[in-house]
Amino acid sequence: MEVAWNGPKVAPYEANAERARPIPIVYQTTSPKKKAPPAESEAHAPHAADHPHDTPAKTAHDSPAAPAVPAAAPDPHAVPAADPHAAPATAAAHDPHAAVDGLSPADSLAKLKTGNDRFVAGKPEHPDQSVARRSEVAKGQHPYAIILSCSDSRVPPELVFDAGLGDLFVVRVAGNTADESAIGSIEYAVEHLGATLIVVLGHERCGAVKAAVDSADATAPAPGHLPAVLEPIAPAVKQVKNFPGDTVDFAVRANVANTVEQLKTSDPVLSERLKSGKLQIVGGRYDLETGAVELK
């Protein structure tokens, strides 16, 4: 059962299904230096054993025709030079990320929704958790989606979306906000791992958001390092403080919308990939009781 999105709207971005083609990596090698060819006089000088009937006075110039010099045998230890025109498949043998079997943004979103439907129905399939899958992803990861989620122990993205090893690239921080480190992690998954979808996942009754609401009018700052968690949420609290109803839930939704917008305008990596249609960024709210994720 989906819960109506009553707060700030996060309009879905219609993304092009075209994926970025991986850039082949060409490894340069160095061949050993070839030996200099023998001097001409040595190449044509006959050996006495080769001409047993020749008199000692004979020379190479007295012979009607000097024997042909055989071509030099190939050096079995020579390392072939790298082919600059090698196909991407050659590079993929060295780079596990060169051949990403990725999904389009729309397909990635559909896969998340289908997985959450199974979780809500209590019929998870626990995909991609076999020994074979573990061995496969040990060679390289190709997640189809990035989840920027709250650290809350009740909201594990891999379970909520019924996903497996190597399926999701998860960044978790209390309040699901995006500082420089989080954005850098997300950019890595987009640029180098080929992920095509980013989901900012908030949830109802978020403790970090509630703390930000409670501290909005406080005269003393929160203790320890908590201000680093609460300050990025403060703009959302300010946006909804006069809304009638559940202020915390409105702030949860506003905070998700603000983070989505922050990522959409993050230059140069995310904004450019978004404009090209190769990336989609959406917001979501997880219902603690039903297990349903409302994705917009």
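Each value in this text was obtained by applying a stated rule to the coordinates, not by laboratory testing. Values in this document were obtained by computation on a predicted structure and should not be read as measured data. Methodologically, a virtual Cβ is constructed for each residue, glycine included, from the backbone with ideal geometry; neighbour enumeration extends over all protein chains shown.
A few notes on this one:
- Selection of region 240-292 for residues being within 18 Å of V209 (Cα to Cα) and of a type in the set (V, I, T) yields V240, T247, V248, V252, V256, T259, V260.
- Restricting attention to region 204-219 and to residues that are among the aliphatic types (A, V, I, L, M) and not in a loop (DSSP other than H, G, I, E, B), the residue that is surrounded by the most Cβ atoms within 10 Å (Cβ to Cβ) turns out to be V209.
- Meets criteria (more than 27 Å from the chain's Cα centre (by Cα), within 29 Å of F119 (Cβ to Cβ) and not in a loop (DSSP other than H, G, I, E, B)) for A189: no
- In region 233-290, of all residues being touching an Asp or Glu at 6+ places or on another chain (Cβ under 7 Å) and either over 30 Å from G122 (Cβ atoms) or among the charged types (D, E, K, R) (or both), the one that is surrounded by the most Cβ atoms within 10 Å (Cβ to Cβ) corresponds to R285.
- If the condition is being in a helix (DSSP H, G or I) and out of contact with any Leu (no Cβ under 7 Å at 6 or more places or on another chain), then region 160-182 contributes V160, E180, S181.
- Of all residues in region 116-137, those that are touching a helix residue (DSSP H, G or I) at 6+ places or on another chain (Cβ under 8 Å) and in a helix (DSSP H, G or I) total 2.
- The set of residues from region 114-139 being among the acidic types (D, E) and under 30 Å from L288 (Cα atoms) comprises D117, E125, D128.
- Looking only at region 131-170, and only at residues there that are within 20 Å of E204 (Cα to Cα) and free of Cβ contacts under 8 Å to residues at least 12 places away in the same chain, the one that is nearest to the chain's Cα centre (by Cα): P156
- Any hit, region 231-244, residues being closer than 15 Å to G175 by Cα and touching a Cys at 6+ places or on another chain (Cβ under 6 Å): no
- Close Cβ contacts (under 6 Å, 6 or more residues apart or on different chains) running from residues in region 271-289 that are touching a residue at least 24 places away in the same chain (Cβ under 8 Å) to residues that are among the aromatic types (F, W, Y) comprise Q280/Y13.
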